[in-house]
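To start, the structure under review is shown below, and the notes come after it.
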Amino acid sequence: MTAPKIAVIGGSGIYDIDGLEGARWTTVETPWGAPSDAILTGTLGGTEMAFLPRHGRGHIHSPTTVPYRANIDALKRLGCTDVISVSACGSFREEMAPGDFVLVDQFIDRTFAREKSFFGTGCVAHVSVAHPTCPRLMDACETAAKDAGITVHKGGTYLAMEGPQFSTLAESKMYREHWGCDVIGMTNMPEAKLAREAELCYASCAMITDYDSWHPDHGEVDVTQIIATLMGNAEKGRDMVRRLPAILGPERPPCPHGCDRALEHAILTAPEARDAKLVGKLDAVAGRVL
């Protein structure tokens, strides 16, 4: 049993966490470059917390330019054990309305301009992302959201698009009607894949701001409407996060789903053939097995 250290990656509209004791912004250097921003650390209900604004304070990074590898490495380097992603999304389902939260359990990755792995030539690894989010963390987020009075849907498929433009009407209809997606966003991939490579438990809480462009009564996505919904969602998201330490408890057993052992048999490159420079960059992410 170990003490948990909960990381929160905040998306659009969430740039800090209220109520952290001993709060301070910490600069973390990584072999993959600088993270999106300094990381806010402190304790909440006696539990260590770390908060990283995905787009940077002031919303500096587009979904494509977010330094995903540096972000996950930095959280791992700080000793985080669990990562809660909070992000804005559009909905493909009438019953998943703006203001609701969806706890995502599957992804379709349509991004194409991002580095998606810590591994590569000289140190090859293949982790399973068949189930890319951690059920234990999802349960905790569901309880926290319900306790906060949030309408939450447990389970859903998230279409990760490159952006920064929103979908065309044809794309929106295809994702909804033919691909069976429930929500759409721009930032959870490759974040979820990288968290798995770093052996971090990961949960995705998608906050619905709009109906994308498929809905006949709502028209295309309107940024002013999104921002208005986003502000309300942001406070709900903070309320949910504040409840997580008490739900997760002061001690953390090994993940029953194996998220924290994802690299156990994943590295294929023989030790004598591994690239020393790449192995050196993997010290935080894969040091346990390397």
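Tally Lys/Arg at +1 and Asp/Glu at -1 over every other residue whose Cβ is under 14 Å from the Cβ of Asn188; what's the total? Once positives and negatives cancel, what remains is +1. In straight-distance terms, cross-link reach from Lys5 covers every one of the lysines whose alpha-carbon lies under 28 Å from its own, apart from those fewer than eight places away in the same chain; here that gives Lys76, Lys116, Lys146, Lys154, Lys193, Lys236, Lys281. Most tightly packed first, judged by the mean number of other beta-carbon atoms within 10 Å of their residues, the peptides 40-53, 164-177 read 40-53, 164-177. Helix content alone sets the calculated 222 nm mean residue ellipticity of the chain: runs of n ≥ 4 DSSP H residues at -39500 (n - 2.57) each, divided across all residues, give -7000 deg cm²/dmol.
If you take every DSSP beta bridge fully contained in the range 5-286, what fraction is antiparallel? Give it as a percent rounded to 5. Among the beta bridges of the range 5-286, antiparallel pairing accounts for roughly 40 percent. Could you state the angle between the C-alpha long axis of helix 223-248 and the longest principal axis of the C-alpha atoms of the chain, as a value from 0 to 90 degrees rounded to the nearest 10? Around 50 degrees separate the two axes.
For the chain, the alpha carbon convex hull comes to 120 Å³ per residue, rounded to a whole number.
Here the ratio of the Cα radius of gyration of the range 1-138 to 2.2 N^0.38 Å is 1.11.
Inverting the pair-averaged 1/r between distinct Cα atoms of the range 161-219 gives 13.1 Å as its Kirkwood hydrodynamic radius. Mean-square fluctuations from a GNM of the chain, with a 10 angstrom spring cutoff on Cα atoms, peak among Ala195, Ala276, Ala262 at Ala276.
Net charge dipole, the chain: roughly 740 debye, given to the nearest 20, about the Cα centre with Cβ charges of +1 for Lys and Arg and -1 for Asp and Glu. Which angle from 0 to 90°, rounded to the nearest 10, does the C-alpha axis of helix 68-77 make with the longest principal axis of the chain? Once rounded, one gets 50 degrees. Seen through its C-alpha gyration tensor, with square-root eigenvalues sorted a ≥ b ≥ c, the range 118-269 comes out oblate because a/c lies at 1.5 or above while a/b is not bigger than b/c.
Bear in mind that the values in this text are calculations on the coordinates, not laboratory data. The shown structure was predicted, so the numbers you read here are calculated from the model rather than taken from an experiment. Neighbour counts run over all protein chains shown; Cβ positions are idealised from the backbone, glycine included.
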